[in-house]
Structures are given as structure tokens and as C-alpha cells.
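Inspection log for the structure reproduced underneath, given as C-alpha cells.
The values are calculated or read from the model by the stated rules, or taken from the named source; none is laboratory data. Just so it is clear, the model here is predicted, and its values are computed rather than measured. Here Cβ is always computed from backbone atoms with ideal geometry, including for glycine, and neighbour counts include all displayed protein chains. To get the accessible areas, we keep the full protein, side chains included, count just its heavy atoms, and leave off ligands, DNA and RNA. Shrake-Rupley method; radii C 1.70, N 1.55, O 1.52, S 1.80 Å.
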Amino acid sequence: MIFPRIFIEKNLENHPAVLKILQKLPGREIRYIDSYTDVFGKVYKPFSHRKKNIDLFLAQKKGSLVREAPPAYGISGAPHYYFIHTYNCVFECQYCYLQGYFHSPDMVVFVNHEEILEEMQNTLAQHSGDVWFHAGEFSDSLALSHILDDWPVFWDFFRGNPRARLELRTKSANIRALKQLEPLPNVTVSFSLSAERTAAQFEKKSSPVRARLRAMGILSRLGFRIGIHLDPIIYTPSVLQDYEWLAERMREEAGINSIDYISIGAIRFNSDLAHKIEKNYPGTRLLLTDYVRSVDGKLRYARPKRMFLLQSVEEILLRSGFPSHRIYICMESDDLVYSEKE
Amino acid sequence: MQLLHFVHRAEAEFFLPRAEPLEFPLPGAYTIPGGILIISGEGALPSLSYVSAMLGAYPQIDTVIHYGLAARLAPLPHGVVSVRTLYQANGSEPDFHSITTSDAQAREDLLSVARRLLDPEQSTQFSHFAGMLDREAYGAAFAAHLFRQKVFIYKIPVDSVENGKVCTDIRNLSSTYSQMYLEHYEANHQNAKKEETAEIELPEGFYFTVHQKHLYKKYLQYAEIDSADPELLDFVRQGIKHPKKRTARLLEILRKENNPIEARAEELLDELFAPYRHKGVDIKLPDAMETNSIRLSLDISRFPSMKEAAETIASFPREQAVRIMNGSFSKL
Ligand code: SF4
């Protein structure tokens, strides 16, 4: 059973979002607490606890709700922010930086959407052009969307604020809730895609790549804007054939024109995450290969290898007909990527 | 060697017929087949002290096994329950740190408290973190953790804290519990074969340092093979005499096989640099090729004139080298 225990902050007992979620998750043990911080992250709950079911916390997020995104987060030219509506994820990607990030694998859902939207409005007012807001920095945007039912309220905001752009980032094919909403020109649903065998090996519990591709196709035909993240690219002997296959499927499913952008990134992590991966997935193939510490301190494939992969995948996309201005390389500092690229 | 830890003598009852008193400054220590048994008495400090003392005195101990009772705070399976993670609370709030036992299959958590818990509200609060409560297990696990030894914590969940009363049928039943511990121990630890450490077989005629052994294992695992190709091993053996040099060469070959893109870049750079190296130019690439700085050094006396030395440097194909380092080379 997903979420056998639900912790609810006492002052949210009758909050409409909480009641809606409870309706969708009947038969759970409900516990009322003063604040989610009294329990969540209070003790170090190892990531291995995910093997048994994780708890759900329904809470109110305090402090900053909208934060500036790290550099190279999205298409350059516009300011990028991410907003916090959930902590942790029901999927289990071995390379995910969330493992152990919050000292607990339990999931927290923040239901004070109005305050998040208010902060978005204020952020938008600070800029004159388009402003991007990304969901999914600390979770998957769609995995539980049929239970949380959180996007309609955001839709109202984005419908009324065409300058604000929303990105919902996902490795899920769960588009039930989205299909109930009308496509908006300033909302992009972005799918993270990997080579099929890599996904099967390292992205446990997330939707299979073919299912993600199908979901993407359905949304695209319904008129939704689509984004794609080919990130992280993980080397296998068949990596280039696998990405050729993927590029073709992307083209078939969504078509060239409904895809707003495609980001490409090679696997990378900091040493702390590497230790966590080693602990949480002993013997994983992910760590059997060689990494170097690049100039930004992150562990990456050696430069010739990762740049070869990034350029080769970029070429594959270009050959498949995706225009170059919609392709960007993610999270590589400029001097690493383009210094010598004519 | 194992260290079995109990809190009460009655709980160890079924183990004692096979135990012999151990000469040790602390009372309640026995030798048993395959290890030592200790009875520490109640509380976190005795438990921590006893287990630590034994681990310090007997470095052969590699596994600590604790058996005891725990107050049930949540619905739990019946019988002996293996603990997954232990927390502790000295006051009304649990401490941040936790200890995870060596039982990867365990599913239940336990909180060790300093004092017997009589307040139902407090027990509700603690039940957010763990389904069982005791006073001693964290101490035993902490000592094992400190000495970096394996630890298994087994509990029989008994009372629940209700209306401020703790049910106390424990003493009358301790003989039954002791028998359950023994049965569990025999099934899971006494007769359990020593886990086989997945050791790889090192090829003959090579000398491996610990680091090289680790690398060798990693390369084989990545290639999903159990041992290197015998033909390759023979090739290296025949070509190189010295066992240490053979190992270095073998690892280099395996590294390149697992990293064909890097290997290709290195090969291209070697080709590019060959004429310069031939002339005596020493070429140093940046660490892991992460930046574009390439250092050239040469011994001018090896050149007929300064002009030729300068021309050699001027003709160095830096841009081509950087392009290769930057992954711009044709497909494999
Ligand atoms: S889907 Fe995203 S957030 Fe979820 S585990 Fe995978 S990488 Fe992490």
C-alpha cells in the first residue's frame, strides 16, 4: 500500500486539498501533528527504508517558496525559478540527488498553493519579460498528480499570466490529471527520457521509456507544449544506437514542432552523492565506470568521453530534424562545453 | 566470533547450559560455542559499557547479536522481529543520529529511551519514528558501530503503553522468550554458513596492490566477466617480465576496453604527438583533460638551432589536440 501512514499538520485538517487527497487514499492511518518538521527529517531515516512503504506528510511550506534556479537550468535568455510543492519522489533513480537529501525518504506535499502562487506573482512582477517556473526540483511533477490533484489551481494562474512559463518535469506516464486540463501555450510538460536499457537498469519504479513516449505523444496531440530532457546520458556500448532509436520515437510521437526544447546532459554527481549511491545500491554498474573530478568539482566522465557523447547525441537530434536552436546542453559550465567548439 | 548480548539472565536461560563462565573483570560473561555471551543488566549505559568492553578485549568479535524485549508502539509481526534502524531519545525528543543494523531484510525500527515510558502522549510521539521501544539496544548497536562490527538486533515486541500502565507479564514468560531466542539464533546465526566473500581470482604471474586488485575487480564487473581473457593474460605475460609491470599493463588494457571513447581520444592524441615526442618534446596534458592548457617542454640542446626548436613549438597542433580532448572526433 502506498503511504500506509499519513501525517497531517493540525491546522490543515480541513484544508480542501488535504480532504481531496484523503479521499483518494482511503484506509490509511492518519496522524495529526503540529508541524511536519517535528517528524520529517527529525531523525536520520536511512534511504533503505523505501523498501517498506514510505509515509506521506501533508504540510504547509514556510519560508521561501520560489527560488532562483541554478545556472544553465533551462533555455538561456529568460530568468528561471523553481517552486517547492513536494519533497521526495516515489520513483527510484539510482543517480537521483534526492536520495538522502532530506535525511528521510518520506514524502512531503505542501498544500499551501495560494502562497506559492502569490510568491510567483511577486517574482513575475520583478521582471519585464518571460519568467520560467519549474516544478519537479525536489520530486516528479506528475507521478502522483492523479492523487494530489494540484495542477488545476496553477493552471488558473498561468492562464492569467501569459508571461509566466511553467515547466512540469517528469519521468512518469501518468497524464490522467493533465488530460482534464486545457493545454496552455505557456505550460510545457517535459519528459526526461533515457535509453531504454539504461532506464530499466537505473530508473526503478518510473514509467518505462515507451510509456513516457506514448504519454508525450498523447499530450502533444492534445495540443500541449512538450519539452524533453535527455539527461543523464549514461554510456553503454550501444548508447548511440539507443539514442538514434529514441530520437526517431520522439519525432514520431510528438513531432518536431510541438517540442519546445531538448536538453542534453551527461551523467554527473558530487562525491557526496557518489557515496550515497554506493551505500544505497551496492555494486551498481553506475559506479563501476571511471569518473574524473571536473573543474566544477563534480564527478563526470572524462571530458573527451562526455563531450563526445553530448555532441554525438546532438548530431543525432539534428539528423532527425530537430532544429539546433531548440537543443541545449544542460549543466555544463560554458568553458567546458563551448570554449573550443566552433 | 560472535558476541551475544542479553539484558536479563532469565532471557539467556536457554543459552546457559552450553555456556562456561568467562574470566573477565565484569560479571555475567560466558563463553559459548562460537563466541561470548554477556548479560549486561538494564539500561543504556550497562549495555554500551558491556558490549564496548568485550569488543575492546576480544578483537576477534566481528558480530554483535542482541536479543531482548521491546514495548510495542505499533502493530507488528509476532515472534522475534529483526530491527532495521535504531534511534535513541534521551529526553522527550529523539536524537537525529540513527544506526542501521546489518540485516538488510529487516523492516522494523526501534527507539531506545533513557527511562521507562509511562506517558501515552509521549509514546504516540515516539511511535511516529519507530514501532518498538526499549532501553538497551541502541547502546549495544552504538558500541558495535563504534568498533565497525556487524550488528543484529532482535526483539520480541510485548507490552503496549496504554493508559499510563505498562503490562508486566514479562517475567513470567521470560523462559518462553528465551526458548524463542535460542530457536531464532540457531536458525539464523549458529548454523548459518559464513557469508562467502566474493573474492576474485587473481591471475598467476602478476603482482597486485590492494588498489590494483580493486580496479581489476571493478573492470571485470563492468565487463560482466569473471576473469580476464586467458589469451590476453598470456599476451601480457609473454611481453613483460616483471609482475608489477604486467599488472599495470593489464589494467591499462582493461581500462581502455571498458572506455573505448577515451581510448580513442588517447590514441588520436598519441598519433598527433608522435612526431613531436620523437623530436624530444615532452607533452603534458591537463589533469583528466579537463582544461585546455597543454604544457610543452624541450631540451634545446637536442635541436640544431634555436630557430628549429621555436619552429617545432610553433607548429604544435594545439587546436587539433584541444578538439580531440573536447570529444570532437569521428564516430567509433
Ligand atoms: S524521477 Fe526525478 S526526482 Fe524522482 S527519483 Fe528519478 S530523478 Fe529523482
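Which members of region A:39-74 meet the condition of being in contact with a helix residue (DSSP H, G or I) (Cβ under 8 Å, 6 or more places away or on another chain) and facing another protein chain (nearest Cβ under 9 Å)?
Answer for region A:39-74, where residues must be in contact with a helix residue (DSSP H, G or I) (Cβ under 8 Å, 6 or more places away or on another chain) and facing another protein chain (nearest Cβ under 9 Å): just A:S48.
Report yes if some residue within region A:233-241 is at the interface with another protein chain (Cβ under 9 Å from one of its Cβ atoms), open to solvent by 20 Å² or more (accessible area, probe 1.4 Å) and under 24 Å from B:D287 (Cα atoms); otherwise report no.
Yes; the residues of region A:233-241 include at least one that is at the interface with another protein chain (Cβ under 9 Å from one of its Cβ atoms), open to solvent by 20 Å² or more (accessible area, probe 1.4 Å) and under 24 Å from B:D287 (Cα atoms).
Return the residue satisfying two criteria in turn: it lies in region A:267-309 and is in contact with an Asp or Glu (Cβ under 7 Å, 6 or more places away or on another chain) and free of Cβ contacts under 8 Å to residues at least 60 places away in the same chain, and of such residues it is farthest from the other protein chains (Cβ to nearest Cβ).
A:L287
Under the condition of being within 14 Å of chain B (Cβ to nearest Cβ) and on the phi > 0 side of the Ramachandran plot, which residue from region A:87-104 is nearest to the ligand (Cβ to nearest atom)?
A:G100
Spot the failing condition for B:E262; the list is (1) open to solvent by 70 Å² or more (accessible area, probe 1.4 Å); (2) in a helix (DSSP H, G or I); (3) within 14 Å of chain A (Cβ to nearest Cβ), and only one is missed.
(1)
In this structure, does A:K52 turn out to be away from the ligand (no atom under 16 Å from the Cβ), of a type in the set (D, E, K, R) and touching a Phe, Trp or Tyr at 6+ places or on another chain (Cβ under 6 Å)?
The answer is no for A:K52.
Give the residue, chosen from A:V153, A:V109, that is of a type in the set (V, I, T) and either within 12 Å of the ligand (Cβ to nearest atom) or under 17 Å from the mean Cα position of the chain (by Cα) (or both).
Of the residues listed, the single one that is of a type in the set (V, I, T) and either within 12 Å of the ligand (Cβ to nearest atom) or under 17 Å from the mean Cα position of the chain (by Cα) (or both) is A:V109.
Here's the yes/no breakdown for (1) open to solvent by 50 Å² or more (accessible area, probe 1.4 Å); (2) within 26 Å of A:R212 (Cβ to Cβ); (3) at pLDDT 95 or above:
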site: A:Y97; (1), (2), (3): yes, yes, no
site: A:M107; (1), (2), (3): no, yes, yes
site: A:M120; (1), (2), (3): no, no, yes
site: A:T123; (1), (2), (3): no, no, yes
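How many residues does region B:210-244 contain that are touching a residue at least 24 places away in the same chain (Cβ under 8 Å) and either among the polar types (S, T, N, Q) or open to solvent by 80 Å² or more (accessible area, probe 1.4 Å) (or both)?
4
Which condition from (1) of a type outside the set (D, E); (2) open to solvent by 10 Å² or more (accessible area, probe 1.4 Å); (3) part of a helix (DSSP H, G or I) is the one that A:L309 breaks?
It fails just one condition, (2).
List every residue pair whose Cβ atoms lie under 7 Å apart, where the two residues are 6 or more positions apart in sequence or sit on different chains, the first residue falls within region A:94-108 and is among the acidic types (D, E), and the second residue, located anywhere, is near the ligand (Cβ under 10 Å from one of its atoms) and assigned to a loop (DSSP other than H, G, I, E, B).
From region A:94-108, the pairs are A:D106/A:N88.
For region B:62-75, indicate whether the set of residues that are at negative phi, at pLDDT below 95 and surrounded by fewer than 13 Cβ atoms within 10 Å (Cβ to Cβ) is non-empty.
So far as region B:62-75 goes, yes, one or more of its residues are at negative phi, at pLDDT below 95 and surrounded by fewer than 13 Cβ atoms within 10 Å (Cβ to Cβ).
So how many residues does region B:303-332 have that are part of a helix (DSSP H, G or I) and either surrounded by fewer than 11 Cβ atoms within 10 Å (Cβ to Cβ) or within 14 Å of another protein chain (Cβ to nearest Cβ) (or both)?
11
Any chance region B:281-296 includes a residue that's free of Cβ contacts under 8 Å to residues at least 24 places away in the same chain, under 41 Å from the mean Cα position of the chain (by Cα) and assigned to a helix (DSSP H, G or I)?
Checked region B:281-296: at least one residue is free of Cβ contacts under 8 Å to residues at least 24 places away in the same chain, under 41 Å from the mean Cα position of the chain (by Cα) and assigned to a helix (DSSP H, G or I).
Can you tell me which residues in region B:86-136 are without any contact (Cβ under 8 Å) to a residue 24 or more places away in the chain and part of a strand (DSSP E or B)?
Within region B:86-136, just B:T100 meets the criteria.
Considering only residues of region A:207-224 that are surrounded by 22 or more Cβ atoms within 10 Å (Cβ to Cβ) and either within 14 Å of another protein chain (Cβ to nearest Cβ) or not in a helix (DSSP H, G or I) (or both), which is farthest from the ligand (Cβ to nearest atom)?
That would be A:F224.
Only one of (1) at negative phi; (2) touching a residue at least 60 places away in the same chain (Cβ under 8 Å) fails for A:I8. Which number is that?
(2)
Within region A:312-336, can you find the residues that are within 23 Å of the chain's Cα centre (by Cα), under 22 Å from B:R264 (Cβ atoms) and either at the interface with chain B (Cβ under 9 Å from one of its Cβ atoms) or modelled with pLDDT under 90 (or both)?
Passing the criteria: A:I329, A:E332.
Would it be correct to say that B:E257 is open to solvent by 40 Å² or more (accessible area, probe 1.4 Å), within 12 Å of another protein chain (Cβ to nearest Cβ) and in contact (Cβ under 8 Å) with a residue 24 or more places away in the chain?
For B:E257, the condition - open to solvent by 40 Å² or more (accessible area, probe 1.4 Å), within 12 Å of another protein chain (Cβ to nearest Cβ) and in contact (Cβ under 8 Å) with a residue 24 or more places away in the chain - is met.
Hey, does region A:212-226 have a residue that's of a type in the set (S, T, Y) and either farther than 17 Å from A:K171 by Cα or free of Cβ contacts under 8 Å to residues at least 12 places away in the same chain (or both)?
no
Under 14 Å from B:T247 (Cα atoms) and either away from chain A (no Cβ under 14 Å) or not in a loop (DSSP other than H, G, I, E, B) (or both): does that describe B:D226?
no
Assuming B:R18 fulfils every condition listed in (1) more than 12 Å from chain A (Cβ to nearest Cβ); (2) open to solvent by less than 50 Å² (accessible area, probe 1.4 Å); (3) basic (K, R) apart from one, which condition is it?
Failing condition for B:R18: (2).
For A:L22, state whether it is open to solvent by less than 60 Å² (accessible area, probe 1.4 Å) and touching a residue at least 24 places away in the same chain (Cβ under 8 Å).
The answer is no for A:L22.
Considering only region A:148-173, state which residues are surrounded by fewer than 19 Cβ atoms within 10 Å (Cβ to Cβ) and touching a helix residue (DSSP H, G or I) at 6+ places or on another chain (Cβ under 7 Å).
A:D149, A:V153, A:N161, A:R163
Taking A:E252 as the residue in question, decide whether it is assigned to a loop (DSSP other than H, G, I, E, B), charged (D, E, K, R) and closer than 30 Å to A:P152 by Cα.
No: the conditions fail for A:E252.
State whether the residues of region A:5-12 include one that is more than 25 Å from the chain's Cα centre (by Cα) and away from every other protein chain (no Cβ under 14 Å).
Yes, region A:5-12 has at least one match.
Taking only region A:172-206 into account, find how many residues are assigned to a helix (DSSP H, G or I), more than 12 Å from the ligand (Cβ to nearest atom) and under 17 Å from A:S263 (Cβ atoms).
Selection size over region A:172-206: 1.
Step by step: first the residues of region A:277-306, then only those that are assigned to a strand (DSSP E or B) and in contact with a Lys or Arg (Cβ under 7 Å, 6 or more places away or on another chain), then the one that is least open to solvent (accessible area, probe 1.4 Å). Which residue is that?
Going through the qualifying residues, I end up with A:R300.
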